[in-house]
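Undergrad: The structure that follows is given in the form of structure tokens.
The values are calculated or read from the model by the stated rules, or taken from the named source; none is laboratory data. Computed from a predicted model, the values in this text were never measured in an experiment. Cβ placement follows ideal geometry from the backbone for every residue including glycine, while neighbour counts extend to all protein chains displayed.
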């Protein structure tokens with residue numbers, strides 16, 4: 001039995017349990033970390049090797065005898081937040097994930113924007129802007145990214161990047177929660193680090209906002225649990241935007257770790 005067969009069996013078992021529990025044949029939506037469907041109908045998901053390169057949507061639809069919807073997990077996160085009762089008033093919602101990596105999604109009038117290659121919202125693979133290098137120092141290292149390029153912003157703005165920046169400047173290998181705990185205790189070094197991180201985030205986000213110009217930015221991922229991110233970011237943005245630009249509303253994600261699943265459940269409602 002192949003890994004793909006095991007994967008399909010596991011999903012089908014979960015769906016069967018849900019059908020039985022709710023007494024109906026339910027719709028199925030799945031958020032996946034990758035490109036849900038390439039030109040030849042196969043999935044590209046490096047972190048799901050059992051299904052990557054396989055026609056996952058078609059196979060599941062056949063096994064379950066129903067239409068199955070797939071989308072990128074970051075798009076599902078953004079969709080979940082855009083459909084929150086508090087946020088439905090905003091036409092263009094940008095989800096920004098600051099977690100293990102940096103990513104996101106764009107929702108316009110309640111529907112995900114995916115792009116031709118399904119890479120809309122891959123903010124983490126934008127390069128450090130020149131203003132960031134000026135601020136951090138021209139000798140600032142351009143770290144190699146898992147995508148093969150150098151200087152991708154997720155290497156500095158993700159949770160791992162947050163910890164790496166601290167080690168780079170202070171030569172102490174602390175994890176993000178440890179640094180944040182020091183910040184909350186008033187540690188001067190940790191506070192200087194957070195100031196630097198927020199300035200770097202504002203520079204990078206300024207470029208993204210100039211392109212996208214959203215009504216609302218919802219921040220998720222592990223670093224979204226750090227209040228300084230959402231409370232101190234907006235005031236730093238104007239100097240990195242056009243004079244006529246308006247800073248969007250910035251909020252922490254409302255649905256936590258369940259956001260991606262919630263968004264996947266909405267995929268059948270976006271037609």
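Undergrad: Which pairs have Cβ atoms under 7 Å, sit 6 or more apart or on different chains, and link a residue in segment 177-188 that is touching a residue at least 40 places away in the same chain (Cβ under 8 Å) to one that is exposed (fewer than 13 other Cβ atoms within 10 Å of the Cβ)?
TA: If the second residue must be exposed (fewer than 13 other Cβ atoms within 10 Å of the Cβ), no pairs are left.
Undergrad: Then there is this: Looking only at segment 89-113, count how many residues are touching a helix residue (DSSP H, G or I) at 6+ places or on another chain (Cβ under 7 Å) and more than 25 Å from residue 161 (Cβ to Cβ).
TA: Summing the residues that are touching a helix residue (DSSP H, G or I) at 6+ places or on another chain (Cβ under 7 Å) and more than 25 Å from residue 161 (Cβ to Cβ) in segment 89-113 gives 3.
Undergrad: Give the residue, chosen from 137, 148, 110, that is at positive phi, in contact (Cβ under 8 Å) with a residue 60 or more places away in the chain and surrounded by fewer than 15 Cβ atoms within 10 Å (Cβ to Cβ). Please lay out each step first, then the result.
TA: Numbers: 137 fails: in contact (Cβ under 8 Å) with a residue 60 or more places away in the chain; 148 fails: in contact (Cβ under 8 Å) with a residue 60 or more places away in the chain.
The conditions single out 110.
Undergrad: For residues that are out of contact with any strand residue (DSSP E or B) (no Cβ under 9 Å at 6 or more places or on another chain), within 22 Å of residue 97 (Cβ to Cβ) and either assigned to a loop (DSSP other than H, G, I, E, B) or in contact (Cβ under 8 Å) with a residue 24 or more places away in the chain (or both), tally how many sit in segment 157-173.
TA: Step one: list which residues in segment 157-173 are out of contact with any strand residue (DSSP E or B) (no Cβ under 9 Å at 6 or more places or on another chain), which gives 160, 163-173.
Applying the additional criterion that residues be within 22 Å of residue 97 (Cβ to Cβ) yields 160, 163-166.
Now drop any that are not either assigned to a loop (DSSP other than H, G, I, E, B) or in contact (Cβ under 8 Å) with a residue 24 or more places away in the chain (or both), which leaves 160, 165-166.
Result for segment 157-173: 3.
Undergrad: Where in segment 46-149 are there helices (runs of 4 or more DSSP H), lying fully within it, with 2 or more residues that are assigned by TED's automatic domain parsing to the domain that holds residue 160 and farther than 25 Å from residue 8 by Cα?
TA: Values: elements: 56-64, 73-82, 130-136.
Of the helices (runs of 4 or more DSSP H) lying wholly inside segment 46-149, those with at least 2 residues that are assigned by TED's automatic domain parsing to the domain that holds residue 160 and farther than 25 Å from residue 8 by Cα span 130-136.
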